[in-house]
Structure formats: structure tokens, C-alpha cells
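The values are calculated or read from the model by the stated rules, or taken from the named source; none is laboratory data. Bear in mind the structure is a predicted one, so any value in this text is a computation, not a measurement. Cβ sites come from the backbone with ideal geometry, for glycine too, and all protein chains shown count toward neighbours. What goes into the accessible areas is simple: the full protein's heavy atoms, side chains included, and nothing from ligands, DNA or RNA. Shrake-Rupley method; radii C 1.70, N 1.55, O 1.52, S 1.80 Å.
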Amino acid sequence: MKLTKIIAIALASVVLLASCEKTQGPATGNAAVGFASETLEYGLGSEYIKIPIVTTGETSVYPIKVTVKVAAYSGDFAAVEDVDYMITSKEIFVASAESQPSVEVKIINPKDADELRFVLEITEQSNAQSISVKNATVICKKSDLDRICGNWTAKGQNGGASYSETWKIFNEGGKPCITGMWGETDGWMEGTFENGGLTFELGAVQNALGAYNFSGIGPGYVIPMYGRITPEGRVSGATGEITATVSEDFNTITWNFPAGYGFLLGVFSYPDGATYYGYFDGPFFLDNNVITKIPKVAAE
């Protein structure tokens, strides 16, 4: 999972291949390293992009070391290194023919541009026999999903009182993700986006926003779901898909809730999420079922 407030995640140690280069004689074989293509396209909704280094063939000595630099580019949408983007490492190591290394690039201000372009060049390599694609023009431009990314105001009634909070929508691998619901930032609700429409699965364990120790229950996830007030005045929850429509100017999102329903934060069993224990907060009834994007200047 992408969250937890009750479980510590142990990270595996990383072996630095740079200190382990072999000293035996010249490498032999038919290995070629290079970029996947001379032109590579990415979105502008994420802070980092990864540009793969592709290896074909085999060599007798690993790791293969690849050195990358920024080459001159003066065409349209030319980006400036260390102003618009920065490369986290210009030395890439290929541990084996099966490994999939990449050049990691941080986009410094992704929300301030509609398109950025720059050229990367492999200046040298060791332990391979050739360079396949030496230069790659990297094009980063906003998709419709990227235009949704940013901070959004969610206002309405939560538990019978006026309520407002800020949600953040971001692009994670081509999927729209929302964090900040009920102030939860450890996890996010992940969905799909197609033809101006958003779809999210409410009540799904993969969309858990956090995890807590609940009195009388023990460890439990908190997960967004449907919520309503019954005629008897009780809170009732339900799970299933919720869709939303993005406006043509990308400034509002209208949620397609049935009449009388809003977001409810439910408590589910940990770690399988199979059992619903009840609600934790809500229902949160959005004003007109709409959230509104916060302008860039105001969002800073």
C-alpha cells in the first residue's frame, strides 16, 4: 500500500554498482545501450519523469556504465536545465541484460508550462560494445489529465456543519489521484480518466487514505465511500463506482452522486479491507456536487 500510520515499512538496502566495476580485460559481446527512441514524449502532471536506458545483446562484463549530458537545443519550447528541470544523476549503471535503468528528471515547475523540450545525449559508455540511440529529444507537454492536476476547493456540509478543505489531484502513471480528503495525506484515491470523465471505486482497499488503531476494533483502514442520511436520521454507507465530469475549461469537476448522497469516510478491516465496520466521518455533501480548481497564483 501507499500508506500506513501503524506499520513501519522497511526499505531494502541498495548496493551501489559504481563501486563494484570489474577490472578484468576488455568486455566482449554485442551489447548496445541507448535511449528507446530519438523522440520521447511525457506528460507534465508529475514532478518526476523516468527516461529509460535500453540494452540489447550481451556483454561479458557488467555493470555497463552510461554517462548522459544535456545537449544543445534551441527549438520551440526549449527548456533550461536547473531552471525548468534537473537531472538527478547523469551516470547510469546497467546491472545486467534484464535490468531496466532510467535517467530520472525532476520537472521543477510543471504547473507553469504547457510544454517543455530538451535533448539528452549519451556521451560515453563502458563495458558495452556500442551506443544504439545516442540522442533523444524529450518532449513534456500537458495532457488533459495533466490540466486537471493541482489544488481544488471542496466546500459543503460535513456531518451537518459547513465544511471546506483543499484536495490535491495529481497524475500517477496516467491515473488521476486525489489526496487531502478529510485532511488525509498518507494515501490517495486513485481512478481513471477518459474523454473528460473521471471514475473512482469507492470502498476499495487500494483507495485507503490512512490507517489507525480504532478503539474496540484495532487496526483499520479509512476509505472513501458513498454516504447518506436515512429517513430515521442514521448514517448509511455504500460502495461502488462514482463518476465525475470535468468542465471544458478544466476549472470545475461535478460529481455524479445520486440525490441525497455524498462522500463518507468508512472504517474497514486491516490489512484486507474486506470487512466494513462503520463510518468514521461524514457524510460530506459537496455544494452542488462540485469542486473548484484553485488558480495557480492563489495555490502557491
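Residues in segment 55-110 that are open to solvent by 70 Å² or more (accessible area, probe 1.4 Å), in contact (Cβ under 8 Å) with a residue 24 or more places away in the chain and outside any loop (DSSP other than H, G, I, E, B): 3 in all.
Within segment 127-148, the set of residues being open to solvent by less than 40 Å² (accessible area, probe 1.4 Å) and small (Gly, Ala, Ser) comprises ALA128, ALA136. Entry remark, segment 134-171: residues being over 27 Å from VAL103 (Cα atoms) and in a loop (DSSP other than H, G, I, E, B) number 2 in total.
Counting the residues of segment 241-266 that are in a strand (DSSP E or B) and open to solvent by 10 Å² or more (accessible area, probe 1.4 Å) gives 6. The single condition among (1) assigned to a loop (DSSP other than H, G, I, E, B); (2) open to solvent by less than 40 Å² (accessible area, probe 1.4 Å) that VAL119 does not meet is (1). The set of residues from segment 267-283 being within 25 Å of the chain's Cα centre (by Cα) and in a strand (DSSP E or B) comprises VAL267, PHE268.
Yes or no: segment 149-169 includes at least one residue that is touching a residue at least 40 places away in the same chain (Cβ under 8 Å), open to solvent by 60 Å² or more (accessible area, probe 1.4 Å) and touching a Leu at 6+ places or on another chain (Cβ under 9 Å). Yes, the conditions are met somewhere in segment 149-169. For segment 200-236, name all the residues that are open to solvent by 40 Å² or more (accessible area, probe 1.4 Å) and within 20 Å of TRP255 (Cβ to Cβ). Listed by number, the residues that qualify are GLU201, GLN206, ARG228, ILE229, VAL235. Every condition in (1) farther than 30 Å from ASP144 by Cα; (2) at pLDDT 95 or above holds for LEU198 except the one numbered (1). Looking at ALA18, is it of a type in the set (A, V, I, L, M, F, W, C), modelled with pLDDT under 50, in a loop (DSSP other than H, G, I, E, B) and open to solvent by 30 Å² or more (accessible area, probe 1.4 Å)? It is false that ALA18 is of a type in the set (A, V, I, L, M, F, W, C), modelled with pLDDT under 50, in a loop (DSSP other than H, G, I, E, B) and open to solvent by 30 Å² or more (accessible area, probe 1.4 Å).
The rows are residues; the columns are (1) touching a Leu at 6+ places or on another chain (Cβ under 7 Å); (2) of a type in the set (Val, Ile, Thr); (3) in contact (Cβ under 8 Å) with a residue 40 or more places away in the chain; (4) farther than 19 Å from ASN151 by Cβ.
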site	(1), (2), (3), (4)
GLY237	yes, no, yes, yes
ALA244	yes, no, yes, no
PHE263	no, no, yes, no
PHE268	no, no, yes, yes
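For segment 174-188, the condition holds for at least one residue, the condition being that it is modelled with pLDDT of 95 or more, in contact with a helix residue (DSSP H, G or I) (Cβ under 9 Å, 6 or more places away or on another chain) and open to solvent by 20 Å² or more (accessible area, probe 1.4 Å).
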